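Let me begin by presenting the structure, written as C-alpha cells, before commenting on it.
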Amino acid sequence: MKLVAHYVFTTGVLALLSSPILGFYEAVTISFFISWTGNTLIDRLGHELKGGYIRRTPRTHTLFRSLLWGVLPSIPLFIIFLNPLYLVMGGISGPSHLLLDVFTEKGIYRKKNGRWIRFALAHFSYNNPLVNGLAILIGGGLIYLALILQSRPI
C-alpha cells in the first residue's frame, strides 16, 4: 500500500479507539503523529533495494517487529505527557500497517521451519488505486465515526 493509505487508515483506527478517552481533536492529532512516524519508520527501515527492485524485509514486516517499530515513535509522547494510552496506540499502529500490507502481492513475513516466508491474503499491487482508495475511505470513515461518537450526548 502507498504510505498515504497507511497514514489515513492508521489515523482512523487510532482516533476511533482513543477519542472516547482523549477527546476528538487530541485523539486525531496524536493518532496522526503516531501513524505518520510509525508507518514511515516501518516502510523506510523495512524496504531494501535488491536487483533494481524495492522489496520488503522481515526487519519490520512481521507481527512482533511491527509492534516494536510502532511503539517506538510513541515513547517520546509518553515521556512528555505521561499518558500510557499513547504507548498502546503505538502498539496498535504497527499491526495496522501489516493489516493493509497483507492484502498486497508481497504480503508480510512469518516464520516457518526457521525461515522467513511471505504470507498474503490477496495479491493486489501495492499501488492499486482502488485498494489504496478503499483504505483511505475506511480510514476517513473511522475518523468521521470518532467525531460522530464524540458529538452524541450520553
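Below is a table of values for the structure above.
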{"read-out": "Which numbered condition Y126 fails, given (1) free of Cβ contacts under 8 Å to residues at least 60 places away in the same chain; (2) open to solvent by 40 Å² or more (accessible area, probe 1.4 Å); (3) aromatic (F, W, Y)", "value": "(1)"}
{"read-out": "Within the range 107-121, tally of residues that are in contact with an Asp or Glu (Cβ under 8 Å, 6 or more places away or on another chain) and either exposed (fewer than 14 other Cβ atoms within 10 Å of the Cβ) or in a loop (DSSP other than H, G, I, E, B) (or both)", "value": "2"}
{"read-out": "Test: residue in the range 143-151 that is of a type in the set (S, T, N, Q), over 15 Å from L14 (Cα atoms), more than 16 Å from the chain's Cα centre (by Cα) and assigned to a helix (DSSP H, G or I)", "value": "yes"}
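The values are calculated or read from the model by the stated rules, or taken from the named source; none is laboratory data. Just so it is clear, the model here is predicted, and its values are computed rather than measured. Cβ sites come from the backbone with ideal geometry, for glycine too, and all protein chains shown count toward neighbours. Note: areas computed on protein heavy atoms with side chains; ligands, DNA, RNA excluded. Shrake-Rupley method; radii C 1.70, N 1.55, O 1.52, S 1.80 Å.
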